[in-house]
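> Before I ask anything, here is the structure I am working with.
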Amino acid sequence: MDQILVKNPTLVDPFGRMVDYLRVSVTDRCDLRCVYCMSENMTFLPRKDLLSLEELDRLCTIFVEKGVKRLRLTGGEPLVRRGIMGFIENFSRHLKSGALEELTLTTNGTQLAKYAEQLADCGIKRLNVSLDTLDADRFKSVTRWGDLSKVLNGIESSLTAGLEVKINMVAVKGFNDDEIVSMMKWCHDQDMDLTMIETMPLGEIEHDRNDQFISVSEISKMLQQDFTLTDIPYKTGGPARYVKVEETGGRLGFITPMSHNFCESCNRVRLTCTGVLYMCLGKDDAADLRAPLRQSESNDLVELSIDEAISRKPKGHDFIIDRDQKGPAVTRHMSTTGG
Ligand code: SAM
Ligand code: SF4
């Protein structure tokens, strides 16, 4: 007898959290090799394992139909995937229809001079650009070969195109902790928010992460020697907690995956470029959506796999950077799940 399968129309997990935010890593490849993110000689996935852009569109559309309101494209570097602008143009139909409230990108900025205007034309309003330093030599060393001027031009083009830009800065001890104030002033002078991120123990890299870790509470304490930081209720739907810096009038965000738990309000899941759905950034449990997607032209099997995956979304994660446990808490790289 055929089994009767009941699909869940919305994405509510067992803890009552509504999953309305999807982060999609569209490629694991990148034109940079940030030292905390990738090793120099990364082995990238064979292209045949990637979801085609048509498959990505079909899968993301199912998520939108099931209630995802905000979708962020990330990677690897999303803007180096061939054909990505065509994908974005096409997918922006969900913005036009009102089904999707926001389509955003997290990018290293190297391609923005080329694409900013097109992105704005597609209805993209905000971008997160990752930038850890304003010093060209340091930029080259942290990214292993990047050219800072390309990113700065990209940011300028984005602002000119009317996009709201938020800068994400990963705090690395002994590398850029002396630039936090200058980065903050530079961002606030141009009406950009700055978010400080602690390094997270994801993926094997070549050095000991304990030596690099600075908590955002250390940063906040350091800043409070010269600045007045006022807590504000501002939220972008992500895990950042924001303060207003009274002296600059700008906003500063803190993302503290290590020192605090932001799991209670977690509204997101992550899709990799091979169609694997991770229900939590800090856990290895995942669901393969590529097989059910490819198995049939109907969406029923994928929808059921999504429902089943959401029913396994854990209550919280358990990241630790521990002196005794030198390895990463989770072995996949951030470029696989997209941060
Ligand atoms: N390539 C794009 C970029 O750099 O913005 C998108 C992908 S990148 C993996 C997304 C974010 O993850 C970036 O802000 C990056 O700095 C951050 N990231 C990568 N590895 C990290 C780690 N181990 N700990 C904390 N943040 C990390
Ligand atoms: Fe590439 Fe972004 Fe990772 Fe840097 S953080 S290597 S830019 S994916």
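> Going by the structure shown, is residue 154 in a helix (DSSP H, G or I), small (Gly, Ala, Ser) and within 18 Å of residue 78 (Cα to Cα)?
Against the criterion (in a helix (DSSP H, G or I), small (Gly, Ala, Ser) and within 18 Å of residue 78 (Cα to Cα)), residue 154 qualifies.
> Separate question: Check residue 82 against each of (1) farther than 15 Å from residue 26 by Cβ; (2) without any contact (Cβ under 8 Å) to a residue 24 or more places away in the chain; (3) assigned to a loop (DSSP other than H, G, I, E, B) and name the one condition it does not meet.
For residue 82, the exception is condition (1).
> Looking only at residues that are modelled with pLDDT of 95 or more and under 26 Å from residue 243 (Cα atoms) in segment 161-172, which one is most open to solvent (accessible area, probe 1.4 Å)?
Going through the qualifying residues, I end up with 164.
> Also, I was wondering about something else. Quick check, is residue 287 modelled with pLDDT under 75, of a type outside the set (D, E, K, R) and either open to solvent by less than 70 Å² (accessible area, probe 1.4 Å) or under 29 Å from residue 44 (Cβ atoms) (or both)? I'd like the intermediate steps shown before the answer.
Details: modelled with pLDDT under 75: no; of a type outside the set (D, E, K, R): yes; either open to solvent by less than 70 Å² (accessible area, probe 1.4 Å) or under 29 Å from residue 44 (Cβ atoms) (or both): yes.
The answer is no for residue 287.
> Select from segment 85-108 the residues that are part of a loop (DSSP other than H, G, I, E, B) and open to solvent by less than 10 Å² (accessible area, probe 1.4 Å) and write down the one among them that is nearest to residue 144 (Cα to Cα). Please lay out each step first, then the result.
Here is the first cut: in segment 85-108, the ones part of a loop (DSSP other than H, G, I, E, B) are 92, 98-101, 108.
Now restrict to residues that are open to solvent by less than 10 Å² (accessible area, probe 1.4 Å): 92, 100.
On the way: 92: 34, 100: 37 Å.
That would be 92.
> Right, next: Every residue in segment 173-195 that is open to solvent by less than 10 Å² (accessible area, probe 1.4 Å) and either modelled with pLDDT under 95 or assigned to a loop (DSSP other than H, G, I, E, B) (or both), please. Full working, then the answer.
Pass one, segment 173-195, residues open to solvent by less than 10 Å² (accessible area, probe 1.4 Å): 176, 180, 183-184, 187, 192, 194-195.
Of everything in segment 173-195, those that are open to solvent by less than 10 Å² (accessible area, probe 1.4 Å) and either modelled with pLDDT under 95 or assigned to a loop (DSSP other than H, G, I, E, B) (or both) turn out to be 176, 192.
One line per residue, one yes/no per condition, for (1) among the small types (Gly, Ala, Ser); (2) modelled with pLDDT under 95; (3) more than 16 Å from ligand 1 (Cβ to nearest atom):
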position: 61; (1), (2), (3): no, no, yes
position: 74; (1), (2), (3): no, no, no
position: 100; (1), (2), (3): no, no, yes
position: 118; (1), (2), (3): no, no, yes
position: 133; (1), (2), (3): no, no, no
position: 136; (1), (2), (3): yes, no, yes
position: 139; (1), (2), (3): no, no, no
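> Of the residues that make up segment 203-214, is at least one without any contact (Cβ under 8 Å) to a residue 60 or more places away in the chain, closer than 25 Å to residue 32 by Cα and either in contact with a Leu (Cβ under 9 Å, 6 or more places away or on another chain) or not in a helix (DSSP H, G or I) (or both)? Step through it out loud before you land on a result.
Pass one, segment 203-214, residues without any contact (Cβ under 8 Å) to a residue 60 or more places away in the chain: 211, 214.
From what is left, the residues that are closer than 25 Å to residue 32 by Cα are 211, 214.
So of that shortlist, the ones also either in contact with a Leu (Cβ under 9 Å, 6 or more places away or on another chain) or not in a helix (DSSP H, G or I) (or both) come out as 214.
Within segment 203-214, one or more residues are without any contact (Cβ under 8 Å) to a residue 60 or more places away in the chain, closer than 25 Å to residue 32 by Cα and either in contact with a Leu (Cβ under 9 Å, 6 or more places away or on another chain) or not in a helix (DSSP H, G or I) (or both).
> Could you check, for segment 17-39, whether at least one of its residues is of a type outside the set (Gly, Ala, Ser), part of a loop (DSSP other than H, G, I, E, B), open to solvent by 40 Å² or more (accessible area, probe 1.4 Å) and more than 16 Å from ligand 2 (Cβ to nearest atom)?
Within segment 17-39, one or more residues are of a type outside the set (Gly, Ala, Ser), part of a loop (DSSP other than H, G, I, E, B), open to solvent by 40 Å² or more (accessible area, probe 1.4 Å) and more than 16 Å from ligand 2 (Cβ to nearest atom).
> Something else: Residue 36 fails exactly one of the following numbered conditions: (1) away from ligand 1 (no atom under 16 Å from the Cβ); (2) touching a helix residue (DSSP H, G or I) at 6+ places or on another chain (Cβ under 9 Å). What is the number of that condition?
Result: residue 36 passes all but (1).
The values are calculated or read from the model by the stated rules, or taken from the named source; none is laboratory data. Please read these numbers as outputs of a predicted model, since none were measured by experiment. With ideal geometry, Cβ positions are generated from the backbone for all residues, glycine too; neighbour counts draw on all protein chains shown. Surface accessibility is based on the protein's heavy atoms, side chains included, excluding ligands, DNA and RNA. Shrake-Rupley method; radii C 1.70, N 1.55, O 1.52, S 1.80 Å.
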